[in-house]
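The values are calculated or read from the model by the stated rules, or taken from the named source; none is laboratory data. Note that this is a predicted model, so its numbers are computed, not measured. For neighbour counting, all protein chains shown are included, and Cβ atoms are generated from backbone atoms with ideal geometry for every residue, glycine included. For the accessible areas, the whole protein counts, side chains as well, though only heavy atoms, and no ligand, DNA or RNA atoms are used. Shrake-Rupley method; radii C 1.70, N 1.55, O 1.52, S 1.80 Å.
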Amino acid sequence: MQPGSDILWIFGLSLVVIIGAIALIDLKRMIIPNALNAALVVSGLGFQYASQSKFPLLAIVGALSLTAVFYAIRAIYLSTRGVVGLGLGDVKMAGASAVWLNPANLPVFIFISCASALISLGVFGRHNSQFRSSGRLPFGPFLGVGLLASWCMENFTNLGLLAR
């Protein structure tokens, strides 16, 4: 799919709207609704099919693999620390986000998501009384930042690891 393609811009707009809704809700209520994760998966599968004109098996395998990794991280943290460190909504969103990307770009997605969360925590964490009192940081907005940056890199620049 060419960067100037109308369909690319339409899918990009839907991605921004879904991520925006997820970020607003997660920041306010510390949850990511299943309906929005489902919308992220369905629109991502639509994007993959539209851009490749074939069933997006590689994207699905990448998404399932990333979901399993995030779930394992959640389980290990819970078993060692005794508290939930990564919500199930975040696990589902990571997997849903992976549908949008070439699996080779998933490390970039994870890096940008984690780096943006750590930077935000360093900059705003000290001044945010809600974070100081609960010790909880919603990860959905940062997964959204990572997804948008990775997806744009993959589709609008030559920086993607693998071209479509």
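Between region 81-102 and region 1-78, the alpha-carbon centres lie 11 Å apart. Among 108-121, 31-44, 90-103, the peptide with the highest mean count of other Cβ atoms within 10 Å heads the list, and the full ranking is 90-103, 31-44, 108-121.
Residues L88, L24, ordered by accessible area of protein heavy atoms at a 1.4 angstrom probe radius and largest first, appear as L24, L88. For region 1-61, the fraction of 1.4 Å probe accessible surface lying on carbon and sulfur atoms is 74 percent.
What the chain shows is 55 Å² of accessible area per residue, with the surface traced by a 1.4 Å probe over protein heavy atoms. Consider the candidate values [x] 17.2, 57; [y] 15.9, 49; [z] 17.1, 61; state which one is Rg and Dmax of the Cα atoms in Å computed from the structure displayed. Entry [y].
Placing R0 at 22 angstrom, the Cβ-Cβ distance between L57 and I7 gives a FRET efficiency of 0.60 after rounding to 0.05. When the helices of the chain are scored as -39500 (n - 2.57) per DSSP H run of n ≥ 4 and the total is divided over every residue, the value at 222 nm lands at -25000 deg cm²/dmol.
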